[in-house]
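Peer 1: Handing you a structure now.
The values are calculated or read from the model by the stated rules, or taken from the named source; none is laboratory data. In this text the structure is predicted, and so the values were computed from the model without any measurement. Note that each Cβ is placed from the backbone with ideal geometry, even for glycine, and that neighbours are counted across all protein chains shown. Note: accessible area is taken over every heavy atom of the protein model, side chains too, but ligands, DNA and RNA are not part of it. Shrake-Rupley method; radii C 1.70, N 1.55, O 1.52, S 1.80 Å.
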Amino acid sequence: MAKTAKETALKILKEDFVGTMATIRDNKPRSRYMTFFNDDFTLYTVTSKDTHKMDDLETNPHTHILLGYEGKGMGDAYLEIEGTVEESEEETLKEKVFERAAKVLDKTTTLSDLVVLKITPQQIRLLNKKGEAPQNIDF
């Protein structure tokens, strides 16, 4: 049975952790690879407090994320996510995200070195799903 666009999007969010996150600096886009975790359609990622992306987001909290392309060619479904970013101060969330991120972080990194970013999507589009037209995800 064919999955709905929403089901496909959630599958991508749960299975594909690495994507690109763009911010704006000096009116120019800057992209970097990030590791993402999700709770439904809300994304979370960790970063060091002293990074260019933190400076960028302080000036402009909007982001564009690409997530899901597997590199096998046409037909690889992926997501374009437009959202706003805010720093999360919730301690239990920080611990949960840090625990999940610890697998990809430098072993000397501690929770106090990091900031958890919460990305709230404004729009999510599913693209390249087996040649189908792009689909907006309603949530």
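Peer 1: Among the numbered criteria (1) open to solvent by 70 Å² or more (accessible area, probe 1.4 Å); (2) at pLDDT below 75, which single criterion is violated by Lys96?
Peer 2: It is condition (2) that Lys96 fails.
Peer 1: Take the residues in segment 1-40 that are basic (Lys, Arg) and free of Cβ contacts under 8 Å to residues at least 12 places away in the same chain, then tell me which one is nearest to Thr84 (Cα to Cα). It would help to see each step written out before you state the result.
Peer 2: First, the residues of segment 1-40 that are basic (Lys, Arg): 3, 6, 11, 14, 25, 28, 30, 32.
Next cut, free of Cβ contacts under 8 Å to residues at least 12 places away in the same chain only: 3, 11, 28.
Values: Lys3: 28, Lys11: 22, Lys28: 17 Å.
Looking at the filtered set, the residue picked out is Lys28.
Peer 1: Take the residues in segment 29-52 that are farther than 19 Å from Thr120 by Cβ and out of contact with any strand residue (DSSP E or B) (no Cβ under 8 Å at 6 or more places or on another chain); name whichever of them is surrounded by the fewest Cβ atoms within 10 Å (Cβ to Cβ). Please lay out each step first, then the result.
Peer 2: Just the residues of segment 29-52 that are farther than 19 Å from Thr120 by Cβ, to begin with: 29-33, 48-52.
From what's left, out of contact with any strand residue (DSSP E or B) (no Cβ under 8 Å at 6 or more places or on another chain): 50-51.
Details: Asp50: 9, Thr51: 13.
Checking each candidate, the answer is Asp50.
Peer 1: When only residues in segment 116-127 that are open to solvent by less than 30 Å² (accessible area, probe 1.4 Å) and farther than 16 Å from Thr51 by Cβ count, which is modelled with the lowest pLDDT?
Peer 2: Just the residues of segment 116-127 that are open to solvent by less than 30 Å² (accessible area, probe 1.4 Å), to begin with: 116-117, 119, 121, 124, 126-127.
If we keep only those that are farther than 16 Å from Thr51 by Cβ as well, we get 121, 124, 126-127.
Working: Pro121: 97, Ile124: 97, Leu126: 94, Leu127: 91.
My answer is Leu127.
Peer 1: May I pose another question? If the requirement is being at pLDDT below 95 and either closer than 16 Å to Ala9 by Cα or surrounded by 15 or more Cβ atoms within 10 Å (Cβ to Cβ) (or both), which of these qualifies: Asp113, Asp106, Asp26, Asp55?
Peer 2: Unique residue meeting the criteria: Asp113.
Peer 1: Conditions first: (1) under 22 Å from Glu15 (Cα atoms); (2) modelled with pLDDT of 95 or more. Asp76 passes all but one, so which condition is the exception?
Peer 2: Condition (2) is where Asp76 drops out.
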